[in-house]
Amino acid sequence: PLYLIPVIASFIGMTMFGVTIPFLGTIRTPMMMGITTAVLQFGLGLVSIYLISLIINALAPSFDGQKDPVQALKVIAFAMTPGWVAGVLNIIPSLSILVLLAGLYGIYVLYLGLPILMKAPKEKALGYTIVTVICSIVMYVIIGIVVASITGAGAYSAGKMGLSGLDKSSMEANSPLGEWAKMGEQMEQAGKKMEEAQKSGDAQAQMSAATEALGAALGGNGNVEV
């Protein structure tokens, strides 16, 4: 429920107050586009939180932690909470930078929470945090692309047809949603390899599986140089 705070605040801020740009005046988001954007941001945001928790859970063995999907979901929810609460400032778009600062504090919360909830050694918490943050950034960039593609070029049709305006073209291989689905499949396969590597006890295989998971999250077709 806390995630509703920044979504609703952004909707109010952009539709009622808008952003003032020098020489152009104040730009506001049309009401229907604002509603569509808010619903998409909330829905895709919840999905991304769940996907990030899967990443945290899959990475746990690589950082000598313990896999636990419930605890992984808790740690990402705790880390997101400062940004969600500060999201009320989105009502005034010019104060959005403060929301970003709260989000950065959330990274520190994540760093503190991983050793406690995922049982990772404190000396490995930093690396665990960095990989998780990178994956999170990639996830939210994808969400931004999806929302922009739907509310931008498809704004009229979305308003006319309602939220069912997502057609088959949205899921084409080269579309943002298609790329997202492809990345999800790659992360799932990488997670299975990480489990197998952990059972084998082969440190080199574990590192290879971990870098493959990171490569999938970065959109590198499962490959990343380290």
Taking residue 9 as meeting all but one of (1) closer than 20 Å to residue 86 by Cα; (2) surrounded by 18 or more Cβ atoms within 10 Å (Cβ to Cβ); (3) in contact with a Lys or Arg (Cβ under 6 Å, 6 or more places away or on another chain), write down the number of the exception.
-> (3)
Out of (1) modelled with pLDDT under 90; (2) open to solvent by 10 Å² or more (accessible area, probe 1.4 Å), the odd one out for residue 73 is which?
-> (1)
For segment 1-36, how many residues are outside any loop (DSSP other than H, G, I, E, B), at pLDDT below 85, β-branched (Val, Ile, Thr) and in contact with a helix residue (DSSP H, G or I) (Cβ under 7 Å, 6 or more places away or on another chain)?
-> 1
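If I ask for residues that are among the charged types (D, E, K, R) and part of a helix (DSSP H, G or I), which ones from segment 55-113 would you list? Walk me through how you get there before you give the answer.
So the first thing to find is which residues in segment 55-113 are among the charged types (D, E, K, R), and the list is 64, 67-68, 74.
Residue satisfying the conditions is 74 alone.
Here's the yes/no breakdown for (1) at pLDDT below 90; (2) exposed (fewer than 14 other Cβ atoms within 10 Å of the Cβ):
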{"site": "81", "(1), (2)": "no, no"}
{"site": "90", "(1), (2)": "yes, no"}
{"site": "117", "(1), (2)": "no, no"}
{"site": "123", "(1), (2)": "no, yes"}
{"site": "126", "(1), (2)": "no, yes"}
Going by the structure shown, is residue 130 within 13 Å of residue 56 (Cα to Cα), free of Cβ contacts under 8 Å to residues at least 40 places away in the same chain and open to solvent by 60 Å² or more (accessible area, probe 1.4 Å)?
-> yes
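Filter segment 1-58 down to residues that are among the hydrophobic types (A, V, I, L, M, F, W, C) and touching a residue at least 40 places away in the same chain (Cβ under 8 Å), then give me how many there are. Spell out the reasoning first.
We begin by selecting, within segment 1-58, every residue among the hydrophobic types (A, V, I, L, M, F, W, C); these are 2, 4-5, 7-9, 11-12, 14, 16-17, 19, 21, 23-24, 27, 31-33, 35, 38-40, 42, 44, 46-47, 49, 51-52, 54-56, 58.
Those still in the list that are touching a residue at least 40 places away in the same chain (Cβ under 8 Å) too: 2, 5, 7, 9, 12, 14, 17, 19, 32-33, 39-40, 44, 46, 49, 51-52, 54-56, 58.
Total meeting the criteria: 21.
Here are 94, 10, 62: which of them is of a type in the set (S, T, N, Q) and closer than 30 Å to residue 117 by Cα? Spell out the reasoning first.
Working: 94 fails: closer than 30 Å to residue 117 by Cα; 10 fails: closer than 30 Å to residue 117 by Cα.
Of the residues listed, the single one that is of a type in the set (S, T, N, Q) and closer than 30 Å to residue 117 by Cα is 62.
The values are calculated or read from the model by the stated rules, or taken from the named source; none is laboratory data. Remember, it's a predicted structure, so these values are computed and weren't measured experimentally. In this analysis, Cβ positions are derived from the backbone assuming ideal geometry, glycine residues included, and neighbour counts consider all displayed protein chains. Keep in mind that these areas ignore ligands, DNA and RNA; they rest on the heavy atoms of the full protein, side chains included. Shrake-Rupley method; radii C 1.70, N 1.55, O 1.52, S 1.80 Å.
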